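First up is the structure itself, then whatever we jot down about it.
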Amino acid sequence: MSRTTLILDLDGVLITTPMWKADEIDVDGYSKFNMNCVDNLNKLLEQSDFEIWLSSTRRTVKTLTEFNQIFENRHIKKEIKGFLPEYQECNTRKDEIIQFIEEFKISDFLIIDDDKSLNGLNENYKEKLILTELQKGFDTEKFQLAIDKIKKRT
């Protein structure tokens, strides 16, 4: 079985705190994750051999080791493989993701993100996008959409 690259955001996916409210802080000193969204992510991770790459802007303030500890503390069943590189010439999440996919020649991927710039992806990329909403995150509806997209590719 080949690995599927999961390009994962945090805010609006696993962290669903409204923009006007400060994040709730968990016992480890980092933002609380929505546990329903975490459960859905874990169920998704059981469906395929995923390699998680973090696209969140939060990737710039913690190390990979720190983020993997945060994931472990929140009972996420898979470690993060890496962070999307910080491309100086990219102004949007869409541009970063396209650059990453093309630079690393990734063909089997799924994007879970709430960034509206991703609506501008070309159709080949957009069909692999799960666009979440900030306060709902990776809810049951988006989980089912992800499962449907995984089934389509096999």
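The values are calculated or read from the model by the stated rules, or taken from the named source; none is laboratory data. Computed from a prediction, not measured in an experiment: that's the story for all the values here. Virtual Cβ from ideal backbone geometry, glycine too; neighbours counted across all protein chains shown.
Return yes when Asp49 is in contact (Cβ under 8 Å) with a residue 40 or more places away in the chain and surrounded by 20 or more Cβ atoms within 10 Å (Cβ to Cβ) and no when it is not. The answer is no for Asp49.
Report yes if Leu54 is closer than 21 Å to Met19 by Cα, under 15 Å from the mean Cα position of the chain (by Cα) and either at pLDDT 95 or above or surrounded by 13 or more Cβ atoms within 10 Å (Cβ to Cβ) (or both), otherwise no. Here the answer is yes, as Leu54 does meet what is asked. Can you find even one residue in segment 26-41 that is touching a residue at least 60 places away in the same chain (Cβ under 8 Å), among the hydrophobic types (A, V, I, L, M, F, W, C) and within 20 Å of Leu129 (Cα to Cα)? There is at least one residue in segment 26-41 that is touching a residue at least 60 places away in the same chain (Cβ under 8 Å), among the hydrophobic types (A, V, I, L, M, F, W, C) and within 20 Å of Leu129 (Cα to Cα). Say whether the condition of being within 15 Å of the chain's Cα centre (by Cα), surrounded by 13 or more Cβ atoms within 10 Å (Cβ to Cβ) and in a strand (DSSP E or B) is met by at least one residue in segment 21-40. The answer is no; no qualifying residue exists. When Glu102, Glu79 are checked against the criterion of being out of contact with any His (no Cβ under 6 Å at 6 or more places or on another chain), acidic (Asp, Glu), farther than 15 Å from Ile52 by Cβ and surrounded by fewer than 16 Cβ atoms within 10 Å (Cβ to Cβ), a single residue qualifies: Glu102. Residue count for segment 53-106 under the criterion of being more than 22 Å from Leu121 (Cβ to Cβ) and assigned to a helix (DSSP H, G or I): the result is 11.
Asn73 meets all of the listed conditions (1) in contact (Cβ under 8 Å) with a residue 40 or more places away in the chain; (2) out of contact with any Asp or Glu (no Cβ under 7 Å at 6 or more places or on another chain); (3) polar (S, T, N, Q) but one, namely (2).
Do we find a residue being touching a Gly at 6+ places or on another chain (Cβ under 7 Å), over 21 Å from Glu96 (Cα atoms) and assigned to a loop (DSSP other than H, G, I, E, B) anywhere in segment 6-13? There is no residue in segment 6-13 that is touching a Gly at 6+ places or on another chain (Cβ under 7 Å), over 21 Å from Glu96 (Cα atoms) and assigned to a loop (DSSP other than H, G, I, E, B).
The set of residues from segment 120-149 being out of contact with any strand residue (DSSP E or B) (no Cβ under 7 Å at 6 or more places or on another chain) and in a helix (DSSP H, G or I) comprises Gly120, Glu123, Asn124, Tyr125, Lys126, Thr140, Glu141, Phe143, Gln144, Ile147, Asp148. Annotation: of all residues in segment 116-154 being under 20 Å from Asn36 (Cα atoms) and acidic (Asp, Glu), the one that is surrounded by the fewest Cβ atoms within 10 Å (Cβ to Cβ) is Asp148. Please work out if Ile112 is modelled with pLDDT of 95 or more, surrounded by 20 or more Cβ atoms within 10 Å (Cβ to Cβ) and assigned to a strand (DSSP E or B). Spelling it out, Ile112 is indeed modelled with pLDDT of 95 or more, surrounded by 20 or more Cβ atoms within 10 Å (Cβ to Cβ) and assigned to a strand (DSSP E or B).
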